[in-house]
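All of the numbers you see were taken from the coordinates with simple rules; none came from a lab. Please read all numbers here as calculations on a predicted model, not as lab measurements. All Cβ positions, even for glycine, are placed from backbone atoms using ideal geometry, and neighbour counts span all protein chains on display.
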Amino acid sequence: MRVGILGSGLMGGKLGTIWAKAGHEVTFSYARVAGKLERLARECGGQAGTVAEAVHRADALLLAVHWSRIDDVLEQAGDLAGKVVLNCCVPLDTRNRDLVVGVTTSGAEDVARRRPHARWVAAFNTSPSEALFDVFARNGKEPRPHLLHYGDDVEAKKVVAALIEDVGYAPLDAGPLRTGRFAEPFAMVTAELAYAQAGGPKLIYRFDRLP
Ligand SMILES: NC(=O)c1ccc[n+]([C@@H]2O[C@H](COP(=O)([O-])OP(=O)(O)OC[C@H]3O[C@@H](n4cnc5c(N)ncnc54)[C@H](OP(=O)(O)O)[C@@H]3O)[C@@H](O)[C@H]2O)c1
């Protein structure tokens, strides 16, 4: 698959690298220094480009920027019509402390409303970036950690589920995009566990059901 990375920081840089190593054609875009995109691309056999180039080349996109940068990226990205867009963004204030969207809507729904012709799926917002390379390194070993994903487009969710599996997680379908109203606060729980509680940031999770 051709994957465009819109925001090549902690999440985008790592997920793009993993997907390139998993065999996808990855274009890294949107960083403050173009040299960073080129370095990321060189290290994993991907490409660097502008946001518009990444969108043009891609079947699927990862949106991975701070909430305050969303409008800037979307303006450069165009209408995104028909593109599967995996959104890992948490709608946080500039201090990364509080959610600025909820409880009767969500960041996932808010962004989807801004580009209604894109095929939005939310995922990876409940996984600290520090866990990604380790999950990828143990890909194939069961039991795999779960990763929530949700969206309204069933076919787009299948595309995203395959990308989630490529990283090494078991995709857990958590329903429609409006699940973001509840999953985004849960993302803050994972951040609290990863960064404020003991044990380090390589946090994974698994939901189970009793027989
Ligand atoms: N980090 C996590 O563990 C984690 C986990 C779950 C969800 N999330 C969510 O995922 C999203 C991305 O988080 P992140 O930690 O990957 O953020 P990040 O490391 O700050 O990456 C954001 C990217 O945007 C680029 N950028 C910022 N301002 C820019 C500007 N003015 N012009 C061009 N590029 C600019 C950054 O450039 P530079 O590379 O030059 O800095 C970077 O490549 C956020 O919404 C966050 O809430 C993060």
Counting DSSP beta bridges with both ends in the chain, the antiparallel % (nearest 5): 15
Value of relative contact order over the chain, rounded to a whole percent, pairs C-alpha under 8 Å and six or more apart: 18
Debye, to nearest 20: dipole size of segment 44-122, +1 on Lys, Arg Cβ, -1 on Asp, Glu Cβ: 120
Full-stretch length increase - Glu192, Asp71 - with 0.36 nm per residue and alpha-carbon distance subtracted: 40.9 nm
Magnitude of the charge dipole, the chain, Cβ model with Lys/Arg +1 and Asp/Glu -1, debye to 20: 300
Fraction of antiparallel bridges per DSSP, segment 51-162 only, in percent to nearest 5: 35
Residue (of Gly35, Ser68, Leu148) at the positive-pole extreme of the chain, dipole from beta-carbon charges: Gly35
Segment 54-200: Cα Rg divided by the 2.2 N^0.38 Å rule of thumb: 1.01
Segment 76-188, dipole about Cα centre (Lys/Arg Cβ +1, Asp/Glu Cβ -1), debye to the nearest 20: 100
Cα-projected label distance for Asp59 with Ala170, points at 7 Å along beta-carbon direction, nm: 2.6
Exceeding the 24 Å Cα-Cα cut-off - candidates Lys83/Lys202; Lys14/Lys141; Lys14/Lys83; Lys36/Lys158; Lys21/Lys157: Lys83/Lys202; Lys36/Lys158
